[in-house]
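A short write-up of the structure that comes next.
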Amino acid sequence: MSIPLILYLFLLTLISEAFVRLKFQDKREGLYEMPECQLNQACFYEMNNIQFEFCYCPDFSPCPKSPDFRLKFQKLDYQFCNRRDKLEICEPGSIVAKLSLIQTSIFCECSDEFMYTEKLSEDLYICREKSICGFGENCGDGSTCRCPLGTMCQNNSTCQSYF
């Protein structure tokens, strides 16, 4: 995923309700005016104990930090202005998420048999069916395979038979 790599290049500092100061590794600085969040757009996330806030919620309300407004995508926890504790399952091939510089929108989620795959550009992600895990292959969170019929992923590690 390209977004976290971009974010490592600068430090964000909230300087008002709608502005963030960007400090890049090469010593350049810039001012980023935060837009109002769109319906499916993440307003906040945390990565490596650094917090990022990218847009403001309607009426300049702060981004909620409650778990009901949180969604895990590509191993990052995103916060939204609206409840996101349960998303619809995406149809195969439909757009799951759009990542555009520092703005992230998530529309639906892949079922367990599918994984997130870049589509058309590095900014769009779709669901692609996972392959069947081989013997001893990791089936846990973020894996690219799923357990064969008659087995299930035990302890977020490897596939084990039901019995």
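The numbers here are math on the coordinates, done by the rules we state, and not lab data. Quick caveat, the model's predicted, so the values are computed rather than measured. Don't worry about glycine lacking a Cβ; one is built from the backbone with ideal geometry, like all the others, and counts go over all protein chains shown.
What's the local net charge at Asn48, with K and R +1, D and E -1, over the other residues with C-beta under 13 Å away?
-1
List every residue whose amide H lies under 5 Å from the amide H of Met115, counting only residues 5 or more places away in sequence or on a different chain, with H placed 1.01 Å from N in the peptide plane.
Under 5 Å from the amide H of Met115: Arg128, Glu129, Lys130.
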